[in-house]
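Input: a single structure, listed below in structure tokens.
The values are calculated or read from the model by the stated rules, or taken from the named source; none is laboratory data. Computed from a predicted structure; not experimentally measured. Cβ coordinates were reconstructed from backbone atoms using ideal geometry, including for glycine residues, and neighbour counts include every protein chain displayed. The protein model used for the area step is the full one, side chains on, heavy atoms only, and it has no ligands, DNA or RNA in it. Shrake-Rupley method; radii C 1.70, N 1.55, O 1.52, S 1.80 Å.
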Amino acid sequence: MLVRSRRGYEIADHQVTPEALVLGRRALLGAGAALLPAALAAPAMAQGATASPPLPAAQANARYVPGRDLTSEREATTYNNFYEFGSTKSIAREAARMPLRPWTIKVEGMVGKPREFDLDELIRLMPIEERTYRLRCVEGWSMVIPWTGFPLAELVKLVEPTASARFIAFQTAAIPSVMPGLRQSWYPWPHTEGCTVAEAMNEVAFLAVGNYGKPLQGANGAPIRVLFPWKYGFKSGKSIVRMTFTDRQPATFWNTIQPAEYGFWANVNPQVAHPRWSQATERVIGTGDRVPTQLFNGYGEFVSGLYTNLQRERLWA
Ligand SMILES: Nc1nc2c(c(=O)[nH]1)N[C@H]1C(S)=C(S)[C@@H](COP(=O)(O)O)O[C@H]1N2
Ligand SMILES: [Mo]
């Protein structure tokens, strides 16, 4: 794991830069820059103005043991759920058009210190590390992905939630010029997800800005996405622009669409079937193996204590 991640950072410099140029040009064209004289458009393109800068150095954290082989970078960056870009798994090319800078995250609501962070400023403030987490989609497949980022708790502490704040709503960017999925007007855009403040303070909750040692790609929720690996993947909102602290359980995307199938809590449990399929096993992307699904996706030792007083809630679907 250590060796692998270090190699990732070395790659980042010479591989991400050309990528940044491509992204910058695509994003500009998308924004109508094709109409500009080439001489005007060129400087912005050359700087990759809307792409992510390289990540700071990060140590791999060995506390969270994946227990399975890493999913290949190719699979993890090309087999995705990101409905803003379409409802198939193949949205990586569309998602690469997303403009990633400047990027701000507004943190507001029931906090003592509401604040709008410039993403690069936030990254400088936070303790950056690498963690390899399992990801279990409610559809019955899974991956193992090395993420670069920081504990969500560190950001929560910075804004000082008030005593009555109990939940956090996470809002995803909605950019019609690059997100064709937004035209599917029956979905409740913008995408929102939510957790309790207690869940956000749990050590496992993570905000990722990279994976495989490189800045996140659009498909994985660039430039910043949240991760709750003990919950089904749909709880891990991508491309976050706003976090709102509140005393009420926020409306969330899949729960609004189909409450009978997708609950607010959505903790992984192999014994609680989805109404239309079993959750007992999962298909490992890349190998095709079927393996048993674990309670809390294997993170129970860290998170089960969050739910001891919530036994009357629908914790598992
Ligand atoms: N904004 C947004 N976030 C989202 C989704 C989405 O469609 N839109 N899909 C979710 C689902 S269902 C899963 S399984 C994970 C997939 O993350 P990955 O593509 O990085 O593996 O992202 C989650 N976050
Ligand atoms: Mo999912």
Are there any pairs, at least 6 apart or on different chains, whose C-beta atoms fall under 9 Å, with the first in the stretch 180-201 and within 15 Å of T88 (Cα to Cα) and open to solvent by less than 30 Å² (accessible area, probe 1.4 Å) and the second within 12 Å of ligand 1 (Cβ to nearest atom) and among the hydrophobic types (A, V, I, L, M, F, W, C), and if so, which?
G181/F82; G181/F85; G181/I91; G181/W189
Restricting to the stretch 94-122, give me the number of residues that are over 20 Å from F150 (Cβ atoms) and not charged (D, E, K, R).
7
Kindly evaluate F167 against the criterion of being open to solvent by less than 30 Å² (accessible area, probe 1.4 Å) and without any contact (Cβ under 8 Å) to a residue 40 or more places away in the chain.
no
Strands (runs of 3 or more DSSP E) contained in the stretch 213-314 and holding at least 3 residues over 19 Å from V156 (Cα atoms):
281-284, 290-292
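Just to be sure I understand, how many residues within the stretch 286-302 are of a type in the set (A, V, I, L, M) and more than 27 Å from T77 (Cβ to Cβ)?
Looking only at that region, the number is 1.
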With the requirement that a residue be more than 9 Å from ligand 1 (Cβ to nearest atom) and either open to solvent by 20 Å² or more (accessible area, probe 1.4 Å) or at pLDDT below 95 (or both), what does the stretch 218-249 give you?
V241, R242, T244, T246, D247, R248, Q249
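In the list V284, V272, which residue meets the criterion of being hydrophobic (A, V, I, L, M, F, W, C) and over 27 Å from V209 (Cβ atoms)?
Checking each option against the conditions leaves just V272.
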